[in-house]
Amino acid sequence: MGIFDYFKSKSEPSSASVAKDRLQIIVAHERSRRTQPDYLEQMQQEIIAVIRKYVQVDNEHVQIQLEDTDDCSVLELNVTLPEKND
Amino acid sequence: MAKIIVVTSGKGGVGKTTSSAAIGTGLALKGHKTVIIDFDVGLRNLDLIMGCERRVVYDFVNVINKEATLSQALIKDKRTKDLFLLPASQTRDKDALTTEGVEAVLNELSKDFEYIVCDSPAGIEKGAQMALYFADVAIVTTNPEVSSVRDSDRILGILQSKSRRAEQGLPPIEEHLLVTRYNPDRVSEGEMLSVADVEEILAIPLLGVIPESEAVLKASNQGTPVILDGQAEAGQAYSDAVDRLLGEERPLRFTDVQKKGFFKRLLGG
């Protein structure tokens with residue numbers, strides 16, 4: 001680091017720390033998809049289709065997670081319904 | 001029984017072939033009879049890095065198809081005792097590798113050799129899957145760069161689900177992280193992921209850190225594995241990695257910024 005660099009703003013995070021944060025998120029996401037059973041993706045699509053028959057929601061507003069604990073698996077379905085405008 | 005080591009990465013151009021040549025040579029230098037197999041059918045390059053491209057007569061696919069015997073296809077290294085190379089075919093494609101064929105060749109090599117180093121092609125397709133399928137040990141070669149780290153994580157997933165050990169419920173493949181093209185100056189400037197960052201994300205034990213070095217290009221220009229360049233930091237770092245692979249303790253070297261003179265620091269650069 002040269003003398004001129006001392007005048008630069010220090011508040012900006014380094015590009016390496018941005019890289020690390022982005023990697024941690026994408027890797028965690030891809031790992032969770034890797035361990036989930038194959039049927040989950042299709043089931044998710046079908047559940048979204050059923051919900052859409054009644055309420056208009058985007059894909060990103062429906063989250064499905066399968067969590068394995070020691071003696072049971074929990075299927076968690078999280079639907080964010082659109083705000084009421086009437 | 002030979003120990004089968006796969007050098008893999010997912011991403012191309014991170015240093016798999018350079019690392020395979022260096023680590024295979026390093027194992028042989030330590031007195032272990034070693035063969036390095038080039039799994040990159042159609043894009044063979046290990047022969048060039050090892051400096052024996054003009055001695056290739058028969059290849060891996062010829063042996064699988066029983067067009068040549070193993071002893072006809074194996075190339076004995078001229079510099080290093082106990083070191084052999086099995087080149088890839090340049091004219092075929094990766095479908096020429098069959099699980100049964102690869103297994104038969106590995107079984108035959110296992111009788112004679114202590115270590116079999118499999119140089120994987122890039123990608124996650126058939127060639128890469130064949131290279132890792134029978135492995136006991138995986139060396140995951142990673143550059144401190146986002147796409148390489150992500151691809152390494154992907155390969156770790158394949159090692160844990162699609163290898164023979166995973167499919168047969170055997171003890172899992174021993175995984176090692178090898179960080180290559182590391183530049184401590186850029187890390188200290190916050191421009192490059194640190195070894196600690198990569199270790200934290202991939203969560204596998206570190207085998208070694210190879211500094212970015214002009215010696216690597218020089219070595220490949222000359223067809224000499226860089227580990228034979230005892231003067232170069234990269235060569236020494238590979239020697240340390242081989243020692244660690246053999247269970248010895250070696251402190252990490254070449255990962256800190258070298259001290260600069262007063263004027264250089266003042267003016268930057």
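Quick note: the coordinates plus some simple rules give every number you see, no bench work behind them. Since we're looking at a predicted model, the values are computed, not measured. Using ideal geometry, Cβ is built from the backbone for each residue, glycine included, and neighbour counts are taken over all protein chains shown.
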For residues of A:18-28, the mean tally of beta carbons on other chains within 10 Å: 5
Positive minus negative residues near A:Thr80 (Lys, Arg vs Asp, Glu; Cβ under 15 Å): -2
At 1.002 mPa s and 20 °C, Stokes diffusion of the stretch B:3-246 via Kirkwood alpha-carbon radius, µm² per second: 121 µm²/s
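Could you tell me which GluC sites (Glu not before Pro) in the stretch B:95-165 are loop residues by DSSP with no more than 13 other beta carbons within 10 angstrom of their beta carbon?
In loop regions of the stretch B:95-165 (DSSP not H, G, I, E or B), the sparsely surrounded GluC sites (Glu not before Pro) are B:Glu125.
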Residue exposure sequence - B:Thr224, A:Thr80 - by fewest surrounding Cβ within 10 Å: A:Thr80, B:Thr224
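Work out the FRET efficiency for B:Arg54 and A:Ser32 from their Cβ-Cβ distance, taking R0 = 56 Å, and round it to the nearest 0.05.
Approximately 0.65, to the nearest 0.05.
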Length-normalised contact order for the stretch B:3-246 - Cα pairs under 8 Å, 6+ apart - percent: 26 percent
Angle between chain B longest axis and helix B:146-161 axis [Cα atoms, degrees, rounded to 10]: 40 degrees
Cβ-derived FRET efficiency at R0 30 Å, A:Asp68 paired with A:Gln45, nearest 0.05: 0.85
Span per principal axis, largest first, for the Cα atoms of the protein assembly as shown (Å): 83, 63, 38
10 Å-binned pair-distance histogram of the stretch A:35-75 (Cα, whole percent): 26, 47, 23, 4
Summed residue charge, Cβ within 13 Å of B:Asp40's Cβ, Lys/Arg positive, Asp/Glu negative: -1
For the stretch B:162-211, fraction of C-alpha pairs farther apart than 14 Å, in %: 60 percent
Trypsin sites (Lys or Arg not before Pro) within the stretch B:58-156: DSSP coil, no more than 15 neighbouring Cβ in 10 Å: B:Lys66, B:Lys78, B:Arg79, B:Lys81
Alpha carbon centroid spacing (whole Å) that separates the stretch B:16-77 from the stretch A:49-79: 51 Å
Cut-off 14 Å (backbone N to label point 7 Å along Cα→Cβ of A:Ser15), residues of the stretch B:111-151: B:144-147
Helix-only [θ]222 nm of chain B, DSSP H runs n ≥ 4, -39500 (n - 2.57) each, per residue, nearest 500: -11000 deg cm²/dmol
Net lengthening on full extension, B:Ser110/B:Asp243 (0.36 nm per residue, minus Cα-Cα): 45.7 nm
